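Single-structure report; data block below.
The values are calculated or read from the model by the stated rules, or taken from the named source; none is laboratory data. Keep in mind that what you see is a predicted model, and the values were worked out from it rather than measured. Counting neighbours? That spans all protein chains shown, and the Cβs are built from the backbone with ideal geometry, glycine included. The area values use the complete protein model at the heavy-atom level, side chains included, leaving out ligands, DNA and RNA. Shrake-Rupley method; radii C 1.70, N 1.55, O 1.52, S 1.80 Å.
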Amino acid sequence: MKPMLNFIFHNPTKVFFGRDTIRQMAGEIPKDSRVMITFGGGSARQNGALDEVQTALQGYDVTWFGGIEPNPEYETLLKGTGIAREKNINYLVAVGGGSVIDGTKFMAAAIPFSGAPFLLLDNKGSDIRRALPVGAVVTLPASGSEMNSRAIISRRNFMVKRAIMNSSLFPRFAVLDPTKTYTLPARQTGNGVVDTFVHVLEQYMTYPVGGAVQDRLAEGLLHVLIEEGPKALTHPENYDVRANLMWAATLGLNGLIGAGVPQDWTAHRIGYELTVLYGLDHACTLSVLVPAMLQVRAQGKRHKLLQYAERIWHVVSGSEEERMEEAIHKTRIFFGSMGLPTRFSDCDVPNVDIDRIIRMLEEHGMVNLGENNDVTLEMMRKILELCL
Ligand code: NZQ
Ligand code: ZN
């Protein structure tokens, strides 16, 4: 077995967790700041989050920027960037789900950048030198964006959805008030649980490196999602359920469980193309792709898949092949029970053009994905065919 990988773990985001915590943000923002508060369509106004932010920031020079859409669009973010520059904004507070937080992180890098902002999307964001400080108030637990250095930005005109990562993009603080998630529609609750589940899988379901701490942490999160996820659908205003899902989402992608272990991210990368082409919700791309991907890649993931079968789904009888099959089946059933599609035929997509998806992956340089860089376009085609 290979040894655990060397790692540096540094996460600078300060977390305020719990009921009525939005008010605590003011202490984090210098008093003379010119703050831009960013949000999406209107959910944050309806559930009171924006009012609480406004109250918390009384006395600050505040500018509002709404309309950041799901899968945040570059063009929208440029508008926000322009307004922020005009108003000399020097602090950003994002109120929403992953899209608002990601979009705001991008703006934080774009505002002080003197070149063409699309350059910030090149080289996976590694060229970013500076970003304004960002605070995040989470209303949809899913992306983990509130405590990580990633942002995923779409440019529909160019048919691309791209991930960037840069240490300057960590939010300075994240406010996690579970009561602000009570208003989530079932679809978004399900999306959040499945996205988080797959974030854990992308960092867990690879090959063993003796990372017992990482494995047990990841398995703990998966158990919580399986136990609490369905309860959130039937009891959307249960504080404990929402609190556990919220903390699980943050810990699922804040660097902790992925430190020192190999990571995959194939499903995410193929999923971006599906969102660009067919407008599928991010989590739905994953719920369709992951069961098929595990089937096609079962041999390469054999050890961890068997461990997952036993420790997560308590599958202990039958041949190794049967146990792996059963674990994949149970995963698919779980995604379905959260209301997500697990095949293209469950989605509102009339004709899935696999050739086109493969062409796009190739154009975007996604030709060797996965923890071993051995997921070829041919393998991706097989995965997509199994999703039909
Ligand atoms: O726009 P509003 O009105 O706010 O409505 C949103 C949106 O329509 C709504 N919503 C959010 N909080 C709500 C609510 N509705 C009722 N009550 C609330 N409390 O939910 C809808 C979806 O929001 P969105 O932010 O798009 O969802 P999510 O958090 O799932 O974010 C998805 C984006 O995150 C990216 C995805 O690619 C996608 O673009 N990701 C970001 C990651 C990261 N930065 O590390 C990692 C992830 O893998 C993911 O790729
Ligand atoms: Zn995701």
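General remarks:
- Separation of alpha-carbon centers, segment 73-142 and segment 230-250, rounded to whole Å: 29
- Inter-label distance for Glu310 and His223, nm, one decimal - labels placed 7 Å from Cα along Cα-to-Cβ: 1.6
- Charge tally around Tyr91: other residues with Cβ under 12 Å, Lys/Arg +1 each, Asp/Glu -1 each, net +1.
- Cβ-Cβ FRET estimate between Leu119 and Leu377, R0 fixed at 30 Å, reported to 0.05: 0.60
- For segment 128-138, 3J(HN,Hα) per residue [Karplus equation, 6.51 cos²θ - 1.76 cosθ + 1.60, θ = phi - 60°, Hz, x = Gly/Pro]: 5, 9, 7, 8, 5, x, 10, x, 10, 10, 8
- What you get for segment 205-254, charging only the Cβ of Lys and Arg (+1) and of Asp and Glu (-1), is a dipole of about 80 debye around the Cα centre.
- Under 14 Å, Cβ to Cβ, from Arg156 - net charge with Lys/Arg +1 and Asp/Glu -1: -1
- Working ranking of peptides 258-268, 22-32, 166-176, 286-296 by packing, defined as the average number of other Cβ atoms within 10 Å per residue, highest first, is 286-296, 166-176, 258-268, 22-32.
- Where only alpha carbons of segment 78-164 are counted, the Rg and the Dmax (Å): 12.3, 33
- Pairwise FRET efficiency - Arg343 versus Arg23, Cβ, R0 = 45 Å, nearest 0.05: 0.50
- Annotation for Gln58 and Ile333: the two label points, set 7 Å from Cα along the Cα-Cβ direction, are 5.4 nm apart.
- For Glu237, solvent-accessible area (1.4 Å; no DNA, RNA or ligand), Å²: 130
- Whole-number D in µm² s⁻¹ for segment 139-298, Kirkwood Cα-pair radius fed into Stokes-Einstein, 10 °C, 1.306 mPa s: 98
- Rounded tilt (10° steps) of 320-337 against the dominant C-alpha axis of the chain: 40
- Value in Å of the Kirkwood radius, where segment 14-181 supplies the Cα pairs that are averaged: 15.5
- Residues whose placed amide H lies under 5 Å from that of Phe16, excluding near-sequence neighbours: Ala174, Val175, Leu176
- If the chain linking Val209 and Asp51 were pulled fully straight, counting 0.36 nm for each residue of separation and taking away their Cα-Cα distance, it would gain 52.1 nm.
- Between segment 1-45 and segment 319-388, the alpha-carbon center distance in angstrom: 33
- The DSSP beta bridges internal to the chain are antiparallel in roughly 25% of cases.
- The chymotrypsin sites (Phe, Trp or Tyr not before Pro) of segment 4-51 that DSSP puts in a loop, and whose beta carbon has at most 15 other beta carbons within 10 Å, are Phe7, Phe9.
- Taking 26 Å as the limit for the C-alpha separation, the pairs Lys105/Lys161; Lys31/Lys124; Lys105/Lys180; Lys31/Lys87; Lys161/Lys231; Lys124/Lys330 exceed it in the case of Lys31/Lys124; Lys161/Lys231; Lys124/Lys330.
- Percent of alpha-carbon pairs separated by more than 27 Å within segment 215-361: 27
- Helical runs assigned H by DSSP (4 residues or longer) give the chain a calculated mean residue ellipticity at 222 nm of -14000 deg cm²/dmol, each run adding -39500 (n - 2.57) before division by the residue total.
- Compared with the dominant principal axis of the Cα atoms in the chain, helix 74-86 is inclined by about 20°.
- For the chain, the fraction of alpha-carbon pairs lying more than 32 Å apart is 31 percent, rounded to a whole number.
- On Cα atoms only, tilt of 377-386 relative to the major axis of the chain in degrees: 80
- Relative contact order (%) - the chain, alpha-carbon pairs under 8 angstrom, separation at least six: 16
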